[in-house]
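Visitor: What follows is a single structure, and I will ask about it in a moment.
The values are calculated or read from the model by the stated rules, or taken from the named source; none is laboratory data. None of the values given here were measured: they were computed from a predicted structure. Heads up, the Cβs are rebuilt from the backbone with ideal geometry, glycines too, and the neighbour counts pull from every protein chain shown.
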Amino acid sequence: MANLSGRARRKNTYDAIVVGSGITGGIAAKELTQKGLKTLVLERGPMVLHQQDYPTAMTAPWETKYPQGQLPPAELAAKYPVQRRTNYTMTEYTQHLFVRDDENPYVEENRFDWIRGYHVGGRSLTWGRQSYRHSPIDFEANAREGIGVDWPIRYEELAPWYDHVERFIGVSGQAEGLPQLPDGHYQPPMEMNCVEKAFKAKSEARFPERRITMGRAAHLTDPTEEQMSLGRTKCQYRNLCIRGCPFGAYYSSNSGGLVAAERTGNLVIRPGSIVTSLIYDEKSGKATGVRILDATTRQEEEFYADVVFLCASAFNSAWIMMNSTSSRFPNGFGNGSDQLGRNVMDHHLGVGASGEAPEFADKYYSGRRPNGIYVPRFRNLGDAATKRNDYLRGFGYQGGASRQGWDRDLGKHDSGSSGFGAERKAALSQAGPWTIGLGGFGEILPYEDNRVTLNRETRDAYGLPTLSINVTIRENEIAMRRDMQTAAAEMLEAAGFKNVKGRDGGYAPGLGIHEMGTARMGRDPKTSVLNAHNQVHECKNVYVTDGAAMTSASCVNPSLTYMALTARAVDHAVQARKRGDL
Amino acid sequence: MLNRRDTLRGLALTIGVGATGWAERALAAAGPAPALTWSPTALSPDQARLLDVVADLIIPKTDTPGAREAGVPQFIDRALANYYEKDQADKLRAGLTRMDADAQIAHGAAFIALTPQQQVELLAAYDREGVEAKAQTPSQSHFFPALEDLVTVGYFTSELGATVALQYDPVPGAYHGCVPLSDIGRAWATR
């Protein structure tokens, strides 16, 4: 398509373009518009309006079309062969918030579970909401151990932006004073239940270095005036978050960043806009905007801006860059380092331990807490006591205790007890035994050959190139998993729980739904794609601030760090633009 | 559950002259016949009548409603029509057919015409069979445990099951982590 000129071009020109409206796109939009930039947010999927587009948010168990809201196996196999792999994301309640795999193909050179949603808000609507800061040791680890490349920033540089983001989104949690998990600005923590409190007391007595704290989660427990002014209210303890929260109690772009951006009058959001490439101007050495494919009309269109933020998710931002070739960038936009698409990381999980709690049979809880307990990393913290000789880095545990529900004997007709009758009915109508579980989230190291590549042969429903994905875990992760299982069982046993079972249920890359690293930040343009401000080394008016930017993964849930990097990068971009440096 | 004569009398009536023995005696004492109160899609009327009885044996009416009152047979019919793969649905239908055949062989009457005691004995045999089948070939599913599970799911996710047998609170508003069980009572319907 020819370049627009004159009036048409002016109509499609903004101060800034944000590609993607998920967890980072929402923050980019909010920060840019609040700093006065006319901002266009391009989202490839349809609009999801806060509250009115959460059709299942109030659906009662008896109002589902299918048993327990589970989609028919034939439909899952035909439309959602990948999205179903988590076993929890793809249901009648959430179907509209995840992609159809048959329309969004990719090639799995090794199994990779790419779980995603294409709509306004992206995965900020369905995320796990756990919100932790990377620590100083996370930012230093690559340099100290000679792994990958050094982060071009340190914790202290990001700390004020963690503050900034936490204050805006609202995070409930408990300050613990641990160097490996820096404290932030927290609303009151959610409450541990009886069994969790007992676990904390007994396990910490035996393993004092393994602190047990309440999960730090982006749920409002004591909303600020700013949050209330956006229409958000405190958590109602429904635990139906993944359907969209009509109370705006957990943070999403839809209830937070995009609302704040909208109120500035500086936001234009264009759903159904699949960004296919960046437009590069050889003369100025800058990106002048982006090309899109309109998902409805299938027409191409161009939009222009002084600065472009790629917030499309690690894989899709990399895809856009790989698909943006020119004589300056024959191998992909800003890819002089050949690092674009490489160093894919996730968090490996699915390993831990569980047990039964014989005490507290006379205790119960009310409300459904959308959060659990957290055990911050306690391995390889830089001292001799925590040093492991079998692997680098570490892991944290997420877990919790609860009483089993009415479904506790489904599929378990091997106990000899009758599966029918009044006695069983009466038993299932009462709270079941307490159980407790811990599941590890482990750091994956950056490996250059864990990569996504542009696949021009396999095309999606729009005829666009797709990705081939080849990611595996290695010896370091496998050794870590053994420890993750053993240490979890040790803690549960130390607390006196019965029938403690360690378990490694296996992990396929992607299942952490934390894919990152495809355009890493670094100090040297020869070995990294982005600089210390998330600018593409080779084209400074393009910023990439989603998971693509990550130089290492830490073991903590990454969204808070993406958001902090985004807010920091916007601040840089706005100042650079004012100075005329972009 | 063995005292649910009224229901069984009524059911005996619906099968009319085919009933023998206990059912005939029941017939003599029975009130008006409750016809099938719903129209099955995936089941035949006979299978639906049988399911009405079996569901209520799996989750009987006690101090809280039973499976039939909670609409579980309709729930299962719906699941067979729009959820299960054909081979799974066929397996369940074949199980229902078998129950009637076994009842005929053992007692010379359709399942719903048997005495509650006879019905429960047959179910107990299926239950044991299901346990043994699972022990031998864990991958193979026996129709009866599958039916027990389906009735259980249907019941506890029904409005009556969730709100009367269990407790359902759509908007708790707060979380209290350590409360005397006696302050709460029945189990929560959702987690």
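Visitor: Would you mind stating whether B:Leu80 is within 28 Å of A:Leu428 (Cα to Cα), crowded, with 21+ Cβ neighbours inside 10 Å, in contact with a Lys or Arg (Cβ under 9 Å, 6 or more places away or on another chain) and at pLDDT below 95?
Guide: Numbers: within 28 Å of A:Leu428 (Cα to Cα): yes; crowded, with 21+ Cβ neighbours inside 10 Å: yes; in contact with a Lys or Arg (Cβ under 9 Å, 6 or more places away or on another chain): yes; at pLDDT below 95: no.
Answer is no for this residue.
Visitor: Criterion first (of a type outside the set (S, T, N, Q), farther than 29 Å from A:Asp53 by Cα and in contact with a Ser or Thr (Cβ under 8 Å, 6 or more places away or on another chain)) does A:Pro182 satisfy it? Write out each step before concluding.
Guide: Numbers: of a type outside the set (S, T, N, Q): yes; farther than 29 Å from A:Asp53 by Cα: yes; in contact with a Ser or Thr (Cβ under 8 Å, 6 or more places away or on another chain): yes.
So A:Pro182 passes the test.
Visitor: Which ones in region B:105-152 are aliphatic (A, V, I, L, M), in contact (Cβ under 8 Å) with a residue 24 or more places away in the chain and either buried (at least 20 other Cβ atoms within 10 Å of the Cβ) or more than 12 Å from chain A (Cβ to nearest Cβ) (or both)?
Guide: Our first condition is that a residue be aliphatic (A, V, I, L, M); within region B:105-152, this holds for B:105-106, B:109-110, B:112-114, B:120, B:122-125, B:131, B:133, B:135, B:146-147, B:150-151.
Imposing the further condition that a residue be in contact (Cβ under 8 Å) with a residue 24 or more places away in the chain reduces the set to B:109-110, B:112-114, B:120, B:123, B:146-147, B:150-151.
Passing the criteria: B:Ala109, B:Ala110, B:Ile112, B:Ala113, B:Leu114, B:Leu123, B:Leu147, B:Leu150, B:Val151.
Visitor: Under the condition of being within 9 Å of chain A (Cβ to nearest Cβ) and not in a helix (DSSP H, G or I), which residue from region B:37-60 is surrounded by the fewest Cβ atoms within 10 Å (Cβ to Cβ)? Explain how you work it out, then say what you get.
Guide: So the first thing to find is which residues in region B:37-60 are within 9 Å of chain A (Cβ to nearest Cβ), and the list is B:54, B:57-60.
From what's left, not in a helix (DSSP H, G or I): B:59-60.
Working: B:Ile59: 31, B:Pro60: 23.
Looking at the filtered set, the residue picked out is B:Pro60.
Visitor: May I pose another question? Out of everything in region B:153-171 that is in a loop (DSSP other than H, G, I, E, B) and surrounded by fewer than 22 Cβ atoms within 10 Å (Cβ to Cβ), what residue ends up being nearest to the other protein chains (Cβ to nearest Cβ)?
Guide: Taking region B:153-171 first, the residues in a loop (DSSP other than H, G, I, E, B) are B:157-158, B:166, B:168-171.
This time we only want the ones that are surrounded by fewer than 22 Cβ atoms within 10 Å (Cβ to Cβ), so: B:168-171.
Values: B:Tyr168: 7, B:Asp169: 8, B:Pro170: 7, B:Val171: 5 Å.
The extreme case among them is B:Val171.
Visitor: Which residues, taken from region A:351-374, are within 7 Å of chain B (Cβ to nearest Cβ) and not in a strand (DSSP E or B)? Even if it seems obvious, please write down each step before you answer.
Guide: Within region A:351-374, the subset within 7 Å of chain B (Cβ to nearest Cβ) is A:362-369.
Residues satisfying the conditions are A:Asp362, A:Gly367, A:Arg368, A:Arg369.
Visitor: Are any residues in region A:19-54 touching a helix residue (DSSP H, G or I) at 6+ places or on another chain (Cβ under 7 Å) and within 29 Å of B:Gly154 (Cα to Cα), and if so, which ones?
Guide: The one that is touching a helix residue (DSSP H, G or I) at 6+ places or on another chain (Cβ under 7 Å) and within 29 Å of B:Gly154 (Cα to Cα): A:Tyr54.
Visitor: Any idea which of A:Glu145, A:Glu140, A:Glu156 is in contact (Cβ under 8 Å) with a residue 40 or more places away in the chain and not small (Gly, Ala, Ser)?
Guide: Details: A:Glu140 fails: in contact (Cβ under 8 Å) with a residue 40 or more places away in the chain; A:Glu156 fails: in contact (Cβ under 8 Å) with a residue 40 or more places away in the chain.
Every option except A:Glu145 fails the conditions.
Visitor: Would you mind listing the helices (runs of 4 or more DSSP H) fully within region A:2-98 where at least 3 residues are out of contact with any Leu (no Cβ under 8 Å at 6 or more places or on another chain) and surrounded by fewer than 24 Cβ atoms within 10 Å (Cβ to Cβ)?
Guide: Working: elements: A:6-11, A:23-34, A:73-79.
Qualifying helices (runs of 4 or more DSSP H): A:6-11, A:73-79.
Visitor: Next question. Starting from residues that are in contact (Cβ under 8 Å) with a residue 60 or more places away in the chain and surrounded by fewer than 24 Cβ atoms within 10 Å (Cβ to Cβ), keep the ones in region A:400-430 and report whichever is nearest to the other protein chains (Cβ to nearest Cβ).
Guide: Checked region A:400-430; the qualifying residue nearest to the other protein chains (Cβ to nearest Cβ) is A:Ser402.
Residues checked against (1) closer than 21 Å to A:Gly396 by Cβ; (2) assigned to a loop (DSSP other than H, G, I, E, B):
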position: A:Ala431; (1), (2): no, yes
position: A:Gly437; (1), (2): yes, no
position: A:Gly440; (1), (2): yes, no
position: A:Tyr447; (1), (2): no, yes
position: A:Asn455; (1), (2): no, no
position: A:Ala461; (1), (2): no, yes
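Visitor: Now a separate question. Which one is farthest from the other protein chains (Cβ to nearest Cβ) among residues in region A:159-202 that are among the small types (Gly, Ala, Ser) and assigned to a loop (DSSP other than H, G, I, E, B)? Step through it out loud before you land on a result.
Guide: Of the residues in region A:159-202, the ones among the small types (Gly, Ala, Ser) are A:159, A:170, A:172-173, A:175, A:177, A:184, A:198, A:201.
Filter once more, so that each one left must be assigned to a loop (DSSP other than H, G, I, E, B): A:170, A:173, A:175, A:177, A:184.
Numbers: A:Gly170: 17, A:Gly173: 15, A:Ala175: 19, A:Gly177: 23, A:Gly184: 21 Å.
So, considering only residues that are among the small types (Gly, Ala, Ser) and assigned to a loop (DSSP other than H, G, I, E, B), the one farthest from the other protein chains (Cβ to nearest Cβ) is A:Gly177.
Visitor: Among the candidates A:Tyr162, A:Tyr186, which residue alone is crowded, with 22+ Cβ neighbours inside 10 Å, touching a Gly at 6+ places or on another chain (Cβ under 7 Å) and of a type in the set (Ser, Thr, Tyr)? I'd like the intermediate steps shown before the answer.
Guide: Details: A:Tyr186 fails: crowded, with 22+ Cβ neighbours inside 10 Å.
On inspection, the qualifying residue turns out to be A:Tyr162.
Visitor: In region B:177-191, how many residues are in a loop (DSSP other than H, G, I, E, B) and of a type outside the set (Gly, Ala, Ser)?
Guide: Step one: filter region B:177-191 for residues in a loop (DSSP other than H, G, I, E, B), giving B:185-187, B:189-191.
Applying the additional criterion that residues be of a type outside the set (Gly, Ala, Ser) yields B:186, B:190-191.
Number of matching residues: 3.
Visitor: Moving on. Go through region A:467-486 and give me each residue that's crowded, with 18+ Cβ neighbours inside 10 Å and among the β-branched types (Val, Ile, Thr).
Guide: Residues satisfying the conditions are A:Ile469, A:Val471, A:Ile473.
Visitor: Report, by residue number, each residue of region A:234-284 that is in contact with a His (Cβ under 9 Å, 6 or more places away or on another chain), of a type in the set (A, V, I, L, M) and within 14 Å of chain B (Cβ to nearest Cβ).
Guide: Listed by number, the list holds a single entry, A:Ala249.
Visitor: Going through region A:531-573 one residue at a time, which ones are buried (at least 22 other Cβ atoms within 10 Å of the Cβ), farther than 16 Å from A:His134 by Cβ and free of Cβ contacts under 8 Å to residues at least 40 places away in the same chain?
Guide: Within region A:531-573, A:Gln535 is the sole residue that qualifies.
Visitor: Just one of (1) assigned to a helix (DSSP H, G or I); (2) more than 22 Å from A:Gln398 (Cβ to Cβ) trips up A:Ala205, so point out which.
Guide: In the conditions (1) assigned to a helix (DSSP H, G or I); (2) more than 22 Å from A:Gln398 (Cβ to Cβ), A:Ala205 misses (2) alone.
Visitor: Another question, if that's okay. Taking into account only those residues within region A:368-402 that are β-branched (Val, Ile, Thr) and touching a strand residue (DSSP E or B) at 6+ places or on another chain (Cβ under 8 Å), which is nearest to A:Cys235 (Cα to Cα)? I'd like the intermediate steps shown before the answer.
Guide: Step one: of region A:368-402, the residues β-branched (Val, Ile, Thr) are A:373, A:375, A:386.
Still in the list and also touching a strand residue (DSSP E or B) at 6+ places or on another chain (Cβ under 8 Å): A:373, A:375.
Values: A:Ile373: 17, A:Val375: 23 Å.
Checking each candidate, the answer is A:Ile373.
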